Amino acid sequence: LRRLDLLTEEEAGRVQEASSLPEQVRAVVDVLAGKGSYASQSLQTFIETTNSQLYLHITVYEPMVQKHLESLQSYYGNGLETGPLQRLTNLLLVEGLTDIQQKEHDILQIEATRGLRNVSKSIPLEKLFLPLSKVSIPPRISVTIGVAGIGKSTLVKLFVYTWAKGEINRDIIFVLPFTFRELNTYEKLSAERLICSAFPHITEPNCISAGAARTLLILDGLDEFKTPLDFSNTVVCTDPKKEIQVDNLITNIIRGNLLQEASVWVTSRPTAARQIPGGLVDRMTEIRGFRAAEMKDFLDQMFLDNKDLSGQVLHHIRANRSLHVMCTVPGFCWISGSSIAYYLKNSTDQSQETTVVPKTLSEIYSYYFKMALSSDWPEKPRETLRIEQAVNNSKKIVGSLGRLAFYGLLKKKYVFYEQDMKAYGIDLSLLQSTLCSRLLLKEEMQSFTAYYFSHLTIQEFLAAIYYYTAAKRAIFDLFTESGMSWPKLGFLNHFKSALQRSLQAEDRQLDIFMRFLSGFLSPQVNKLLSGWLLVKDEHNSFRSQAISFLQGCLNTDYVISSRTVNTMHCLYEIQHTEIAKTVEEAMKNESLAGMLTPVNCSALAYLLQVSDVCMEETNLSNCLTYNVCKSLLSQLLFCHNLRLDNNQFKDNVMELLGSVLSVKDCQIQKLR
């Protein structure tokens with residue numbers, strides 16, 4: 001065809017990649033070469049009658065592919081900066097989900113693992129859908145996991161745009177990106193309508209469903225899907241034209257009953273990824289967080305006009321080990337960096353007595369919230385409000401968004417649509433305000449508008465504000481949305497109820513909400529938000545009793561879990577650090593022997609994560625008994641350099657340690 005001047009060299013290359021020319025067509029091309037328009041007509045007739053598949057490819061599929069490439073380049077090329085995205089071009093190759101990834105909240109995962117995975121293999125983005133060796137086959141189902149704010153959707157955009165420009169995976173003819181946000185808007189779909197509704201220019205979806213063109217189907221954000229995937233009760237469907245429930249459609253595609261020739265790439269937060277049975281996943285990858293140099297570059301990008309400010313922010317982040325670990329996640333780094341910068345800019349105007357460098361989660365988010373209300377936001381506000389007007393408006397907006405955030409959190413709902421807004425009595429015109437646009441992001445597609453909080457922790461913070469405010473006047477259990485429950489009066493009863501709920505929640509989705517709720521009772525957060533969202537000094541009425549409730553959760557018989565550690569985090573948020581300080585001092589002086597009661601063991605488990613004393617070496621010499629060692633096992637996993645000499649361990653303890661070293665999560669590198 002190229003010799004007949006009907007195709008460009010690039011188009012001819014695509015034809016050859018898609019289907020090798022049969023011998024008889026080659027022979028005819030040789031005969032007709034150089035014979036002009038007569039030859040073209042003859043060849044067209046010949047191919048049409050002898051090889052309809054090839055004729056279709058030239059006349060129908062090729063223009064369709066070209067239109068598809070142009071459409072993706074136009075949509076995904078907007079606002080995609082390549083500078084800070086280098087981290088996403090190399091993914092960690094992992095062997096399934098670890099226990100902690102399946103069970104714990106994203107933030108607890110980062111804290112426990114210090115933001116580092118014990119993984120030695122990685123895979124470049126361009127090889128993500130290629131065989132790992134000459135004897136293996138390309139993966140059909142690939143899953144990429146990453147905590148909230150790590151860059152999963154950005155990774156998808158980067159891949160699609162790079163592919164559409166022809167720079168990677170040229171063997172793939174169609175890349176079809178979908179988000180679970182848009183899938184939420186359908187009740188029923190067929191495989192072919194799924195393709196045509198999102199990409200109307202694909203007029204022949206049967207070439208994809210029949211496997212005639214190599215296709216990659218991308219499903220981004222499984223954690224945002226409204227219906228849990230149930231693979232054990234999948235209603236089998238093999239007809240690409242049959243309309244079925246969307247969750248059934250997804251499970252049938254993943255199982256290979258539909259679009260069996262297509263490769264499928266799912267992205268998800270780790271806890272949601274466990275819905276897909278491990279036996280169906282051919283390749284699992286993970287997005288890593290920032291390394292030290294990347295964190296510095298990210299902050300430099302944030303504060304391009306002020307390198308000194310960027311350096312000061314980085315200094316404060318590095319000075320707080322717990323915060324530094326959290327800032328390996330870009331989404332969290334942006335929130336923390338913005339809050340600390342806002343504090344640094346404003347601390348000179350106020351006395352040292354009222355301003356303290358934000359260290360706790362609650363303090364960081366309180367500064368972030370004040371910044372969202374002020375004119376110091378990185379982008380210029382659309383309207384300038386007087387301070388009283390801003391306060392009144394903010395209370396109304398936070399009340400509305402907070403209720404949405406709280407009940408969304410309970411239902412594991414992270415994306416909201418216009419019908420949700422109406423159901424919670426949120427005036428859509430309210431969503432146009434500057435404050436709203438800083439907390440709630442909006443995504444407009446042709447058929448729907450979706451709203452979602454700028455980060456999972458923003459939703460949790462607003463949920464906690466709503467609960468804190470409502471608990472002071474509520475007479476029924478706030479966790480029962482209908483209001484039908486036994487009467488529950490007084491803030492402290494509601495605080496205790498929230499604490500019990502968070503300890504009982506199997507998927508730990510209330511852990512960070514509980515930290516924020518505790519933080520609102522700290523003197524520092526009260527100073528920051530009084531007049532805005534809190535009443536000055538009101539925490540004094542509740543704080544000591546709330547501390548007693550939290551400490552009561554630690555008095556258990558040497559049973560330490562991530563729940564216990566989270567309770568210690570709640571005590572830190574409420575600014576009650578006496579227990580932790582006592583144990584940390586004993587660690588420094590190597591005098592822990594004889595003082596590891598159940599409560600002090602809880603503090604030690606917490607310190608193993610956050611204390612600088614444990615950074616280089618975790619020294620637990622001459623202080624551990626069998627019970628204490630057993631209770632700390634889940635935390636000892638993540639100590640890189642562990643010193644356990646002079647503990648008079650017997651065989652039973654050595655068996656425990658042996659079991660720890662073989663666990664997938666284990667990060668111990670040096671053991672003494």
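Observations on the structure shown:
- Test for Ser433: is it more than 17 Å from the chain's Cα centre (by Cα) and open to solvent by 20 Å² or more (accessible area, probe 1.4 Å): yes
- Matching residues, the stretch 446-467, being farther than 15 Å from Lys413 by Cβ and surrounded by 24 or more Cβ atoms within 10 Å (Cβ to Cβ): Thr457, Phe461, Ala464, Ile465, Tyr467
- Matching residues in the stretch 43-90 - criterion: being modelled with pLDDT under 80, of a type outside the set (S, T, N, Q), over 27 Å from Glu286 (Cβ atoms) and loosely packed, with under 15 Cβ neighbours inside 10 Å: Glu48, Val60
- Verdict on Tyr161 being closer than 12 Å to Leu72 by Cβ, in contact with a helix residue (DSSP H, G or I) (Cβ under 6 Å, 6 or more places away or on another chain) and open to solvent by 10 Å² or more (accessible area, probe 1.4 Å): yes
- Among (1) outside any loop (DSSP other than H, G, I, E, B); (2) of a type in the set (D, E, K, R); (3) surrounded by fewer than 17 Cβ atoms within 10 Å (Cβ to Cβ) - the single one Glu182 does not satisfy: (3)
- Residue within the stretch 150-167 that is closer than 18 Å to Leu88 by Cα, among the hydroxyl-bearing types (Ser, Thr, Tyr) and within 17 Å of the chain's Cα centre (by Cα) present: yes
- Annotation: of all residues in the stretch 470-480 being more than 11 Å from Leu517 (Cβ to Cβ) and out of contact with any Pro (no Cβ under 8 Å at 6 or more places or on another chain), the one that is most open to solvent (accessible area, probe 1.4 Å) is Arg473.
- Subset of the stretch 626-648 [assigned to a loop (DSSP other than H, G, I, E, B) and either at pLDDT 90 or above or within 20 Å of Ala112 (Cα to Cα) (or both)]: Leu637, Phe638, Cys639, His640, Leu644, Asp645, Asn646, Asn647
- Here Lys395, Lys370, Lys345 are screened, and the one residue that is part of a helix (DSSP H, G or I), of a type in the set (Lys, Arg) and modelled with pLDDT under 85 is Lys395.
- Positions within the stretch 636-656 being open to solvent by 10 Å² or more (accessible area, probe 1.4 Å) and out of contact with any strand residue (DSSP E or B) (no Cβ under 8 Å at 6 or more places or on another chain), in sequence order: Leu637, Asp645, Asn646, Asn647, Gln648, Phe649, Lys650, Asp651, Asn652, Met654, Glu655, Leu656
- Helices (runs of 4 or more DSSP H) lying entirely in the stretch 186-299 (those with 3 or more residues that are modelled with pLDDT of 95 or more and either surrounded by fewer than 21 Cβ atoms within 10 Å (Cβ to Cβ) or within 20 Å of the chain's Cα centre (by Cα) (or both)): 246-255, 270-273
- Residue match in the stretch 301-321 (condition: within 18 Å of the chain's Cα centre (by Cα) and in a helix (DSSP H, G or I)): no
- Residue identified as under 23 Å from the mean Cα position of the chain (by Cα) and in contact (Cβ under 8 Å) with a residue 24 or more places away in the chain among Ala505, Ala471, Ala498, Ala450: Ala450
- Selected residue (criterion: farthest from Ala213 (Cα to Cα)) from residues of the stretch 148-174 that are assigned to a loop (DSSP other than H, G, I, E, B) and of a type in the set (Lys, Arg): Lys165
- Hits in the stretch 438-481 (condition: outside any strand (DSSP E or B), within 19 Å of Tyr367 (Cβ to Cβ) and not aliphatic (A, V, I, L, M)): Arg438, Ser454, His455, Thr457, Gln459, Glu460, Phe461, Tyr468
- Residue that is in a helix (DSSP H, G or I), under 29 Å from the mean Cα position of the chain (by Cα) and not assigned by the TED database to the domain that holds Tyr407, where the choices are Leu528, Leu550: Leu550
- Filtering the stretch 593-609 to residues that are open to solvent by 10 Å² or more (accessible area, probe 1.4 Å) and not hydroxyl-bearing (Ser, Thr, Tyr) leaves Ala593, Gly594, Met595, Leu596, Pro598, Val599, Asn600, Gln609.
- Contact map, the stretch 289-311: residues that are outside the structural domain of Asn90 (by the TED database) and within 14 Å of Ile340 (Cα to Cα) paired with residues that are part of a loop (DSSP other than H, G, I, E, B) and open to solvent by less than 70 Å² (accessible area, probe 1.4 Å), Cβ distance under 6 Å, separation 6+ or inter-chain. Pairs shown: Leu309/Phe303; Ser310/Phe303.
- Yes/no for Leu571 being open to solvent by 10 Å² or more (accessible area, probe 1.4 Å) and either at pLDDT 95 or above or outside the structural domain of Leu636 (by the TED database) (or both): no
- Residue ID - surrounded by the most Cβ atoms within 10 Å (Cβ to Cβ), chosen from residues in the stretch 610-625 that are part of a helix (DSSP H, G or I) and modelled with pLDDT under 90: Cys614
- Considering residues of the stretch 398-427 that are hydroxyl-bearing (Ser, Thr, Tyr) and modelled with pLDDT under 90 only, the residue surrounded by the most Cβ atoms within 10 Å (Cβ to Cβ): Ser400
- Subset of the stretch 138-152 (residues that are among the small types (Gly, Ala, Ser) and open to solvent by less than 10 Å² (accessible area, probe 1.4 Å)): Ser142, Gly146
- The set of residues from the stretch 96-118 being open to solvent by 40 Å² or more (accessible area, probe 1.4 Å) and either under 19 Å from the mean Cα position of the chain (by Cα) or β-branched (Val, Ile, Thr) (or both) comprises Asp99, Gln102, Lys103, Leu116, Arg117.
One line per residue, one yes/no per condition, for (1) open to solvent by 10 Å² or more (accessible area, probe 1.4 Å); (2) among the basic types (Lys, Arg); (3) not in a helix (DSSP H, G or I):
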residue	(1), (2), (3)
Asn540	yes, no, no
Ala546	no, no, no
Ile560	yes, no, yes
Glu584	yes, no, no
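The values are calculated or read from the model by the stated rules, or taken from the named source; none is laboratory data. Because the structure is predicted, anything quoted here is derived from the model rather than measured. Note: ideal-geometry Cβ built from the backbone for every residue, glycine included; neighbour counts use all protein chains shown. Note: areas computed on protein heavy atoms with side chains; ligands, DNA, RNA excluded. Shrake-Rupley method; radii C 1.70, N 1.55, O 1.52, S 1.80 Å.
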